[in-house]
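Notes follow the structure.
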Amino acid sequence: MNPPPDIETTAKDAWHKLFLISDILRNTSYQAADQEFHFNFAQFPVIQFFFECPDAAPAMKDLIAVSGLSSGALSQAVDSLVLSGYVERVRSKTDLRSYLVHATAKLKALRAKSVGGFDDALRAFRLSAGLTPEEISAADEILLRLAESRTGGELTVLKEASGLETPGLISCGKRDLTGTPVWMLLLHFTTNLRMPVLMYHYGKRKRTTLNKLRFMNYLFFLSAHKKPAPPIKGFALRFHCPTGIASQTLDSLRRDGMVRFVSRSGDRKSARVHLSKQGLLLRERTSASYTGFMRNFFSGIDAEKTAVFLRVLDMALEFLRTDGKRFLVPDEKPESFC
């Protein structure tokens, strides 16, 4: 009989698998949306916000803070989404100089399509996994406790310019999550673990954006798994954005001291993008923060229940990569770190 894994290994294993599963679910949402309307790089963070907070009515300045876009870029993105019928913009009743943005029924229907796929996949997984009711109950209990732990304030939830809390599928703040679908608990937990950590280690000194974080996540993963450093055009291909936008984002990361370009010929087009020493330090600090939180959490969980939970995560990942494709369209090789 194999000895149980130590708490450090359990902690790292748990957050990594949870992030992988959440990224498969999120990517599925955005792919479903992209089949209906080909969102550009500036529109993407607006759509992401409303997929996670469908009933929110943020002011334009809130969306600027959340997305990291300039006011001009955000205004153009919202204008195009208004014309396409995905959002509407109305004047605030309390501040006549301000506009609020709402998701329309069209965008909510698009989101519901993804949510329906999540529900169907969850039912199919539980039917095919061969788990006992006791095992399902144990895994659900741990996921609920994880989601509730992120609303209890162990890490400061940094607020944006207008007091808007860091966005998650469920608003941050203490509340009863009993009865919430487990996939929503998982997304809620991963959102509210990631964002405060990243904003603390990166955003408190540098102005960050969603696009920078997506690029850093990709570089963290490649570095942690000793994968080859990508060229600039590799980011454009990976994130479906123009090469010019990828280049601008990477230049900004270089000015932040997070990445460096390496080219044998001195040609920018052939340059490979590496994490700098500061970027590598950020990777280690974020990893340590996630691991530390999970280590403290699992130190108070029964070892047998922990083992069941990790086994269920393994089975869920395998399902999403195989049978789950009937309901979802995940990346063939999901890459997740931050």
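The values are calculated or read from the model by the stated rules, or taken from the named source; none is laboratory data. Because the structure is predicted, anything quoted here is derived from the model rather than measured. Cβ: placed from backbone, ideal geometry, glycine included. Neighbour counts: every protein chain shown.
Quick one: count up the residues across segment 202-246 that are of a type in the set (D, E, K, R) and at pLDDT 85 or above. Step through it out loud before you land on a result.
First pass over segment 202-246, keeping only residues of a type in the set (D, E, K, R): 204-207, 212, 214, 226-227, 233, 238.
Subset that is at pLDDT 85 or above: 226-227, 233.
The number of residues fulfilling the criteria is 3.
Among the residues of segment 109-124, which ones are farther than 18 Å from residue 85 by Cα and under 20 Å from the mean Cα position of the chain (by Cα)?
Within segment 109-124, the subset farther than 18 Å from residue 85 by Cα is 114-124.
Of everything in segment 109-124, those that are farther than 18 Å from residue 85 by Cα and under 20 Å from the mean Cα position of the chain (by Cα) turn out to be 114, 115, 116, 117, 118, 119, 121, 122.
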Inset, instruction - Kindly check whether there is at least one residue in segment 271-288 that is at pLDDT below 90 and more than 28 Å from residue 17 (Cβ to Cβ). - result: no
Legend entry - Residues of segment 46-64 satisfying the condition of being closer than 23 Å to residue 97 by Cα, assigned to a loop (DSSP other than H, G, I, E, B) and not small (Gly, Ala, Ser): 55, 58
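So which residues in segment 277-310 are over 22 Å from the mean Cα position of the chain (by Cα) and either surrounded by 16 or more Cβ atoms within 10 Å (Cβ to Cβ) or part of a helix (DSSP H, G or I) (or both), if there are any at all? Even if it seems obvious, please write down each step before you answer.
Going residue by residue through segment 277-310, those that are over 22 Å from the mean Cα position of the chain (by Cα) are 277-278, 296, 298-308.
Those that are over 22 Å from the mean Cα position of the chain (by Cα) and either surrounded by 16 or more Cβ atoms within 10 Å (Cβ to Cβ) or part of a helix (DSSP H, G or I) (or both): 277, 278, 296, 298, 301, 303, 304, 305, 306, 307, 308.
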Inset, instruction - Filter segment 120-151 down to the residues that are crowded, with 18+ Cβ neighbours inside 10 Å and not in a helix (DSSP H, G or I), then identify the one that is modelled with the highest pLDDT. - result: 131
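Here's the yes/no breakdown for (1) free of Cβ contacts under 8 Å to residues at least 60 places away in the same chain; (2) at negative phi; (3) not assigned by TED's automatic domain parsing to the domain that holds residue 186:
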| position | (1), (2), (3) |
| --- | --- |
| 255 | yes, yes, yes |
| 258 | yes, yes, yes |
| 263 | yes, yes, yes |
| 266 | yes, no, yes |
| 271 | yes, yes, yes |
| 289 | no, yes, no |
| 302 | yes, yes, no |
| 306 | no, yes, no |
| 336 | no, yes, yes |
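Given the structure, is residue 85 assigned to a helix (DSSP H, G or I) and either in the same structural domain as residue 318 (by TED's automatic domain parsing) or under 29 Å from residue 318 (Cα atoms) (or both)?
Numbers: assigned to a helix (DSSP H, G or I): no; either in the same structural domain as residue 318 (by TED's automatic domain parsing) or under 29 Å from residue 318 (Cα atoms) (or both): yes.
Against the criterion (assigned to a helix (DSSP H, G or I) and either in the same structural domain as residue 318 (by TED's automatic domain parsing) or under 29 Å from residue 318 (Cα atoms) (or both)), residue 85 does not qualify.
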Inset, instruction - Could you tell me which of the residues 261, 215, 235 is among the aromatic types (Phe, Trp, Tyr), assigned to a strand (DSSP E or B) and more than 30 Å from residue 140 (Cα to Cα)? - result: 261
Inset, instruction - Please give the number of the condition residue 244 fails out of (1) out of contact with any Gly (no Cβ under 9 Å at 6 or more places or on another chain); (2) under 19 Å from residue 27 (Cβ atoms); (3) outside the structural domain of residue 134 (by TED's automatic domain parsing). - result: (2)
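Given the options 115, 46, 101, name the one that is at pLDDT 90 or above and of a type outside the set (Phe, Trp, Tyr).
101
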Legend entry - Lone unmet requirement of (1) modelled with pLDDT under 80; (2) more than 13 Å from the chain's Cα centre (by Cα) for residue 90: (1)
